[in-house]
């Protein structure tokens, strides 16, 4: 049950990213009705996904009331390019997570722990198409991709997304082990494939295939586990905060070191130097 609740929390975090797909149609419907229509179609897809998840959660006597997003959530305006970077990465990393699980369970049906995974492929392709749309949006706005600031922001968002996923997943390894996957191997596969896909559009990406990057991720996991352990002690808040200081400093040091690793120069790909294949 704890794993289910944790999954719900991560689902809600993902909703905060996708809520932009509900807001943007209203912002652009007068200036660009075609883009507004595409955003509306993506909103439809996300509503369908949420419906599937709510149906699944009902089997565990759980439910999500998403009305709080409009009633209690304060909205903060971000420049469109930041929304585009973050949502593009969210969609593409979601695709690679879901399609990897789908392929694994298709090859190993004994690990099919819930019926929804049998119908996962179309869901995966929704994520992939949404990412392609945001890729097209960014290519239509070259200033989002073609200067030195874009390179820095691209690496920042890649690092943020990859580290967040890795740390979160390493806290709930039971789920991945339950379906026959090694959590860290799964995450590195997803990170590498997402990075290769992202390199087709972002002007620079992280060198995630450098073994040093994986070592830094594992070091962050160790530090994060110590931080969580501090929070579970019976010490008074002041003592807890004092114990956290060196750990937070160590975590920040690893993050900065990963960010400043030599990046991989990349960029928009219009014509691939290989025979195109249907991507699943």
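Distance between the pseudo-spin-label points of residue 50 and residue 78 (7 Å out from Cα toward the beta carbon): 1.8 nm.
With R₀ fixed at 30 Å, the C-beta to C-beta distance from residue 174 to residue 209 puts the FRET efficiency at about 0.60. Between residue 257 and residue 244, the modelled label-to-label distance comes to 2.3 nm, taking each label 7 Å out from Cα in the direction of the beta carbon.
Using the 10 angstrom Cβ neighbour count as an exposure proxy, how do 262, 226 rank, fewest first? Spell out each step's value before the answer.
Values: 262 8, 226 15.
Lowest to highest Cβ neighbour count: 262, 226.
Sequence-distant contacts, meaning Cα pairs under 8 Å at least 6 residues apart, place the relative contact order of the range 78-265 at 23 percent.
Listed from fewest to most Cβ neighbours within 10 Å, the set 113, 124, 158 follows the order 113, 124, 158. Under 14 Å from a label point 7 Å along Cα→Cβ of residue 148: give me every residue in the range 169-204 with its amide N that close. Label zone hits: none. Overall size of the range 78-265 from C-alpha positions, given as principal axis extents largest first: 51, 49, 31 Å.
Could you line up 92, 240 from fewest to most neighbouring Cβ atoms inside 10 Å?
Working: 92 26, 240 15.
Going from least to most buried by this count: 240, 92.
Taken together, the values in this text are just the output of simple stated rules run on the coordinates, not laboratory data. Everything numeric in this text was worked out from a predicted model, so none of it was measured. Every residue, glycine as well, gets a Cβ built from its backbone with ideal geometry; the counts of neighbours run over all protein chains shown.
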